[in-house]
1. Residue pairs, Cβ under 7 Å, 6 or more apart or interchain, first in segment B:260-288 and farther than 30 Å from residue B:220 by Cα, second assigned to a helix (DSSP H, G or I) and modelled with pLDDT of 95 or more. List them.
2. What residue, among those in segment A:135-150 that are facing chain B (nearest Cβ under 7 Å) and surrounded by fewer than 24 Cβ atoms within 10 Å (Cβ to Cβ), is nearest to the chain's Cα centre (by Cα)?
3. Among the listed residues A:54, A:28, identify the single one that is within 11 Å of another protein chain (Cβ to nearest Cβ) and not in a loop (DSSP other than H, G, I, E, B).
4. Could you check how many residues of segment A:30-48 are more than 24 Å from the chain's Cα centre (by Cα) and at pLDDT below 90?
5. Filter segment A:76-87 down to the residues that are closer than 15 Å to residue A:44 by Cα and surrounded by fewer than 23 Cβ atoms within 10 Å (Cβ to Cβ), then identify the one that is nearest to the other protein chains (Cβ to nearest Cβ).
6. Among A:101, A:111, which is touching a residue at least 24 places away in the same chain (Cβ under 8 Å), outside any helix (DSSP H, G or I) and more than 9 Å from chain B (Cβ to nearest Cβ)?
7. State whether one or more residues within segment B:273-293 are away from chain A (no Cβ under 14 Å), loosely packed, with under 10 Cβ neighbours inside 10 Å and over 30 Å from residue A:178 (Cα atoms).
8. Is it fair to say residue B:82 is closer than 23 Å to residue B:210 by Cα, surrounded by 13 or more Cβ atoms within 10 Å (Cβ to Cβ), in contact with a helix residue (DSSP H, G or I) (Cβ under 9 Å, 6 or more places away or on another chain) and at pLDDT 90 or above?
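The values are calculated or read from the model by the stated rules, or taken from the named source; none is laboratory data. Just so you know, these numbers come straight off a predicted model, no measurement behind them. Backbone-built Cβ (ideal geometry, glycine too); neighbour counts: all protein chains shown.
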């Protein structure tokens, strides 16, 4: 878990970044504190053609069909020299109201891809639902697949490749979670309190003393 | 003054031109002596007597004896007709060998090689090839009709292609087919076979090599004739004597232009297994894709404490720049704050 502004690690449940003090209020101050209505595919920068939009929406539908809890959104815009895609993605996923996304898929289940054709950069953000299963490396992997296409200005092709990689990674992660859900739960579960830890250790030691196996070994000796 | 001098010299010139030297004249005795000797040098240049004499001599008809009917008959028949002594050997019965050269036009070695080849062909093919060798400028006598010979000698027995080959003149060659397969192989196909064989023959200069090339190509063309005759010939085999009728076209071996030997059993088994495995793999892959398309993936919903005051999301992913090909994704793996990045 990292801060959208300083990209430093922060602890879970931190109300603000302990390094730079960033919080949602700072993003609201930068981009606005009201809700923003938009569609899941918003091409404010105008880089997609009509048929490309159709293809992308089909790909997004496919992801949503395979993953009934999740939705994918793509947003393109120009942010100028002050562009801060991480903060914008973080803000939009919290303040955005996606009109064409079913109500049973809240923003917690969203994956947002932001593309800025002016500063030639792109970012990926995701909601709390995916946080135990998805991390920065995974998003980097998805965006890397699109790099060569975006480098040539083929934004739709790049986004498509990005979506395919996202789908592939989510499938893989879903299978891993099914095999070992505890591993992923520990990533987001509350830390054990010190008192509880002491009790656990003591309880464990006590159980060890009274285990029939050990007792029988002592009798034999 | 000048005009006077010019007139003077002009008058002198005119007076000189009027006085001519006397013409030479024959001494009568000398001339008569030379006439007696029979020749006077330069006489033809000085008089027209000899020219008139020659013209008269040219118009005199030449006494030439005309052609007689006997001579004409000899010319028409020519001296290159195949001698009667060989006709029996050529055309009396169906030959037991496939190469007929009673005139010994071919060398021994060539003949043996060609016979071996024709026997090899006969062993492989359901249509024999019988070759009659004649000289380059030889003619078959008029009383011998090739069609009649073919019909008489080759109506029964194993079908054959009969080649009348003129050694050194492949273009004169003709072919005939046994009546049993004549209908099955079109005239056009026969003509093509002959033409292609002649063309192959002309690839060589030596008459022996020409014949060899001719026969090789004809053997190849006979393979296609076999295939064309496969349907009809079997039906007409009823007219062939029993000992010959045992032969059928199904026994032919395809060892011609496209040599194909029957595949070993292990190859067939391996091919069958490979095809079956490929089919199963394709089926499996199709089933996998179908199941995958229908698969639904659900993640367990763990409780995540909100961070940074955000109610829905605080999952910060990567940012990638595609401003320059000099900065590949591999160089952007370490994420830095946006304010440290160059746009």
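1. Hits for this filter: zero, empty list.
2. This residue is A:136.
3. A:28
4. Total meeting the criteria: 0.
5. It comes out as A:83.
6. Going through A:101, A:111 in turn, just one is touching a residue at least 24 places away in the same chain (Cβ under 8 Å), outside any helix (DSSP H, G or I) and more than 9 Å from chain B (Cβ to nearest Cβ): A:101.
7. No, every residue in segment B:273-293 fails to be away from chain A (no Cβ under 14 Å), loosely packed, with under 10 Cβ neighbours inside 10 Å and over 30 Å from residue A:178 (Cα atoms).
8. no
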